[in-house]
Each structure stands twice: as C-alpha cells, then as structure tokens.
Amino acid sequence: MGKTKGVAKLLIILLQAALLSLLPAMAGAQQALLSDPEIYEKDHFRKICASPTFADDFITRTDINNDGIIDAIVNHGAVTCNGEKGVGCDADGCPYNFYLQVKEGGYFMMSTAKIYGYDFVKRFGNMVFVFRMHPKFCDRTDATPCEMTVRVRGAKMVTISRK
C-alpha cells in the first residue's frame, strides 16, 4: 500500500512539472494583432459572399475600455450577403465582434456577442454597454428583451447586472 501511494505522488509531481513547462509556450500563443478589424471583417465577408454590401453601422469606432485609444465594434447585422441582410442573425440577435486596439498598434478581438443591439452610456462615471438580448440570456421565457449591463475592464467584459 505504501509503494502505491509513493508512485501516485511521483506521478502527480511529474504531471505538475510537465504542465508547468507548457505554461511559457501557452502564454506566448497569443492571437495575432490585426492592422484594422474593418478590413479583416470585410475581407471575410468578401470570401463567403458573392457581392457583400456594408451599411453605415457595420463598424463603430469608440474607446470602449477607457484607455484613451479608439477601439472597434463590428455589427454582422449590417452586412447584406447575396441579397440577404444580417449574416448570422436569428431570433437570438446578431453577432457583434468587439476589438480592442493596443498602444503599440493593432487590434485583437476581445469578445463576441449575439445581441439585438446596445447602448453605450455613462453610469456612475463609467462608460458601460447595455446590451439588448434574447430573454433567455437573463434566464427568462417572456418576450421582453433582456438588458445586460456590461463594463469593459482591461481586456474583459464584466457583467454588472441583468434584468
């Protein structure tokens, strides 16, 4: 019995050491920065659509994380692909991609959400998103859209409230 416990402990230590040796490699595996999310997203739709068109609200440029650098929000509901408006949109909403710009230049996708729309408003001195979403995202079954208030902190979206 004592030998079995010793072997199990040794295996656990070896497994932990192997995992720790992988951490530097995983940390270096960050997503590549994009020079411009508008170009990236439009090129994507040009590959999958014969003749895509983009409405004025396809991209919104604003500082979403309060770092003084202009970020980007891409609305897939503003794309018409092969005559059909709203690529990826359904009863749950439309996909929106949120890109943060870094001070060294370039953007990375911070988040994606399927929403009906949003307001970007100041609450208690902080800019927050109020997402209008399908009621199921607020654990409801009625027809009234869910309102989820979200703040961007660093490179993460943090839910403040849902109703």
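The values are calculated or read from the model by the stated rules, or taken from the named source; none is laboratory data. Just so it is clear, the model here is predicted, and its values are computed rather than measured. Note: ideal-geometry Cβ built from the backbone for every residue, glycine included; neighbour counts use all protein chains shown. In case anyone asks, the SASA skips ligands and DNA or RNA and just uses the protein heavy atoms, side chains included. Shrake-Rupley method; radii C 1.70, N 1.55, O 1.52, S 1.80 Å.
Could you please find all residues in segment 103-148 being among the small types (Gly, Ala, Ser) and open to solvent by less than 50 Å² (accessible area, probe 1.4 Å)? Hits for segment 103-148 are GLY105, GLY106, SER111, ALA113, GLY117. Would segment 89-101 turn up any residue that is among the polar types (S, T, N, Q), crowded, with 17+ Cβ neighbours inside 10 Å and in contact (Cβ under 8 Å) with a residue 40 or more places away in the chain? Among the residues of segment 89-101, at least one is among the polar types (S, T, N, Q), crowded, with 17+ Cβ neighbours inside 10 Å and in contact (Cβ under 8 Å) with a residue 40 or more places away in the chain, which makes the answer yes. Checking each residue in segment 66-87 for being open to solvent by 40 Å² or more (accessible area, probe 1.4 Å) and on the phi > 0 side of the Ramachandran plot picks out ASN66, GLY68, ASN82, GLY83.
Each row is one residue, and each column tells you yes or no for (1) exposed (fewer than 13 other Cβ atoms within 10 Å of the Cβ); (2) part of a helix (DSSP H, G or I).
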{"residue": "GLN31", "(1), (2)": "yes, no"}
{"residue": "ILE39", "(1), (2)": "yes, yes"}
{"residue": "ASP43", "(1), (2)": "yes, yes"}
{"residue": "LYS47", "(1), (2)": "yes, yes"}
{"residue": "SER51", "(1), (2)": "yes, no"}
{"residue": "ASP57", "(1), (2)": "yes, yes"}
{"residue": "ARG61", "(1), (2)": "no, no"}
{"residue": "ILE64", "(1), (2)": "no, no"}
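Only strands (runs of 3 or more DSSP E) whose full extent lies in segment 72-135 are considered here, and the ones with at least 2 residues that are under 24 Å from ILE160 (Cβ atoms) are 94-101, 107-115, 117-123, 126-133.
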